[in-house]
Each structure stands twice: as C-alpha cells, then as structure tokens.
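Have a look at the structure below before the remarks.
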Amino acid sequence: MHNSENYKIQRVSPAIIWSSSILMGVLASVPKIAERHFNTAEALVNSSITALFALFVWYYNIYTMPAYTSRDKARGFSILRLMLSLLIGLGVMFILAYVQQLLLSHMDFGPTMLMVEVRGILINLTFYMFLHLVYQGYQNQQVGIELERSKADNLGAQYEMLKQQVNPHFLFNNMNTLKAMVETNDKHTIEFILKLSDFYRFTLESRKHDLIHLSEELEILTAYMFLLKARFEEGINLVNTIEPKFFNSLIPPFTIQLLIENCIKHNVVSLDKPLEIRLYTEDNKIVVENKVQLKKTQEISTKVGLENINLRYIHLLNEKVDIESNDKLFKVKLPVINEHHNH
C-alpha cells in the first residue's frame, strides 16, 4: 500500500488517462466501422469495453507501481509485476467479454473472447511500458537531486573541516609559541617550524580526499601533538595504543586532530592538572578518550567539530559516530572503514 504522497509522485495526468482510453476504444471500433455491414451496437459495445479496460489498466498499474526509495533504485521494472498485471488483465477482459456476449448474444463468444484478450494484452503491455518510462525518468531525477544534495553537504562538511583546521586562533597560538621559543633561544625552534610546516602541508594535501589511511592520519597527529607539546609541555599527554593491523583502514582526514582540539577546548590543560587523552581500538571502532576536567568558564559550544565528523561518517559509511560521556570520561567512537570501502 502506497500513501497519497507517493501516488502524487507517480501520477499521470487524468486528461492523458481518459483521452488515451477513449482513443483506444475508438481505435478498437475502426474494424467494425470499416465492415460492409456496419453494426452501430457492436461498434459501441466493443469500443466501450476497450475504453473501460484501458482505464482499469492505467489505474491498476499506477497504484501498484512501487514508491521511490533512495535505497532501491531499480524497482521500476519488474517481470513479476508485469506478469501479475497481465494475468489480472486477462481476468478483467474475460469478464468484459462476457458482458459483451450478454449484450450481443448473436456473436460467437469463442473468437470474440480471443480477439478481446489479445487486444487486452497489447494495451496492458503498452501502458505498463509507458508508466515504466515515466517512473524511470522520475527515479533518474531523484538520483540526480540526491547526488547534488550529497555533493553540497560534502562540500559544506569539507568547508567546516577546513575552517576548523586553518583557523586564526590555532595559528595565533602557534605564532605566540614560536615567538616565545625564539626569544628564549629554545633548541627546538627549528623543529617546531618544520612540524608547523608539515601540519599545514598535510592540511593542503589531505583536504583533497574524502578518506586517507589511518597511518597518514597518525602522521598528521604526530605533527599536531608536537605543536601542542611545545605550547603546553607536560600539560597534555596522548597515549596511542592502536594496533598496527588498523593502520591500513581509512578515516576522514583530520578527524582525530579535530577530536583532540575538542578536548583542549573544553578541558583544563595545565602542568598541575595534565589532560590525559587515550587513543585505542575497541569492538572494531577507533576510540578517542579523555579525562573530563572541565574548565570553570566554558566556551560556548557550537558543536561544529563533532557535527562535522558525524556528518562525514554518515555520508561516507551511512553510520553515526558514537559519543559516550560521564563525569569522569568522554569517549568518541569512530567506525573503522575498511580499505575496500568504495569511496
């Protein structure tokens, strides 16, 4: 059973339905009109049952046409549904032929029924194929709309991702750190500059891809953590125990970096109270976990980072990111994307 909205989607204009049915009736009566001994009653009855059958075929096939779904784009043409339509059509045409026999009892029922049934099959096939073409055209239109919407959403997600990665605040903090290192003749200054350069190089290269290998993501994370260590020193600690067998799995670029940034945004990071972050795998998911030590004055959360990540996983894997939170721990669980995933 299809709801009225789906019916409207697949509806053919009533003017087309009725005019084509009447036309079929007129065409069916042409042989009778052409006969030398023209019989008006026979022509009218013959024309009427053909038009009625055409109307039945139209509405039956319209109402039994499956509703469009994005998960099943090949449901328009079905041999089983066509055979069922033909079988039911034969039954309906038999009833109409019997009615014709009652109205025109002088006609030979056998040959008349055979002629009417063949006509019914032809009408059924013609209308079914026409509806299939209309339905297929609608499906193609919907697929195009979905692709455009998906592209727009993906571009929006990439844009938000880029805003999170290359934001003035992050750059400002690193420039301040670099300034302090230069002023104190810190021996790690050159390495800091190289890591900062690496990080932005990774940003420019990785943003072109929907997915990268986890090993590449961990390289980005190494450069990012070096920058954080230069800024917070022992105020932040990351323990990575991800098993090497997951290194060839795929992940949207900068996902883990965004989660680390989210941890820093909401929690105290200090030498007195170091922020502990763990990175590990559990139940075929990559887990980013941090101790909860919320800042007294919380920044207004836009949730852009987490929403960004969740949106990308929905687009790429049709799965959501799991978030678990309590007074002690905050966990984000990312589904593992296998290397054979079609992206």
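Among the residues of segment 268-279, is any within 23 Å of residue 174 (Cβ to Cβ) and in contact with a Lys or Arg (Cβ under 6 Å, 6 or more places away or on another chain)?
There is at least one residue in segment 268-279 that is within 23 Å of residue 174 (Cβ to Cβ) and in contact with a Lys or Arg (Cβ under 6 Å, 6 or more places away or on another chain).
Can you find, within segment 244-263, the residue that is modelled with the lowest pLDDT among those that are open to solvent by 20 Å² or more (accessible area, probe 1.4 Å), closer than 19 Å to residue 220 by Cβ and not polar (S, T, N, Q)?
Applying the filter and picking the extreme gives 261.
Considering only residues that are surrounded by 15 or more Cβ atoms within 10 Å (Cβ to Cβ) and of a type outside the set (A, V, I, L, M, F, W, C), which ones fall in segment 281-293?
Within segment 281-293, 281, 285, 289, 290, 291, 293 qualify.
Conditions (1) modelled with pLDDT of 70 or more; (2) within 30 Å of residue 146 (Cα to Cα); (3) surrounded by 14 or more Cβ atoms within 10 Å (Cβ to Cβ), marked per residue:
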residue	(1), (2), (3)
16	yes, yes, no
49	yes, no, yes
53	yes, no, yes
62	yes, yes, yes
73	no, yes, yes
81	yes, yes, yes
92	yes, no, yes
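Within segment 224-238, can one find any residue that is at pLDDT below 85 and in a helix (DSSP H, G or I)?
Looking for residues that are at pLDDT below 85 and in a helix (DSSP H, G or I), one finds none in segment 224-238, hence no.
Scan segment 313-332 residue by residue and report those that are at pLDDT 80 or above and within 22 Å of the chain's Cα centre (by Cα).
313, 314, 317, 318, 319, 320, 321, 322
Based on what the data block shows, is residue 234 open to solvent by 10 Å² or more (accessible area, probe 1.4 Å) and in contact with a Gly (Cβ under 7 Å, 6 or more places away or on another chain)?
So residue 234 fails the test.
Just the residues that are part of a helix (DSSP H, G or I) and of a type in the set (A, V, I, L, M, F, W, C), please, taken from segment 239-274.
The answer is 246, 256, 258, 259, 260, 263, 264.
Test of understanding: among 186, 198, which residue is within 23 Å of residue 246 (Cβ to Cβ) and either crowded, with 18+ Cβ neighbours inside 10 Å or not aromatic (Phe, Trp, Tyr) (or both)?
The match here is 198.
Applying the selection to segment 265-280, what residues are farther than 20 Å from residue 242 by Cβ and either open to solvent by less than 10 Å² (accessible area, probe 1.4 Å) or more than 33 Å from the chain's Cα centre (by Cα) (or both)?
Of all residues in segment 265-280, those farther than 20 Å from residue 242 by Cβ come to 265-274.
Listed by number, the residues that qualify are 267, 268, 269, 270, 271, 272, 273, 274.
Looking at segment 294-312, which of the residues that are surrounded by 13 or more Cβ atoms within 10 Å (Cβ to Cβ) and of a type outside the set (S, T, N, Q) is modelled with the lowest pLDDT?
The selected residue is 304.
The values are calculated or read from the model by the stated rules, or taken from the named source; none is laboratory data. Note that this is a predicted model, so its numbers are computed, not measured. Backbone-built Cβ (ideal geometry, glycine too); neighbour counts: all protein chains shown. Just so you know, the surface numbers come from the protein's heavy atoms only, side chains and all, with ligands and any DNA or RNA stripped out. Shrake-Rupley method; radii C 1.70, N 1.55, O 1.52, S 1.80 Å.
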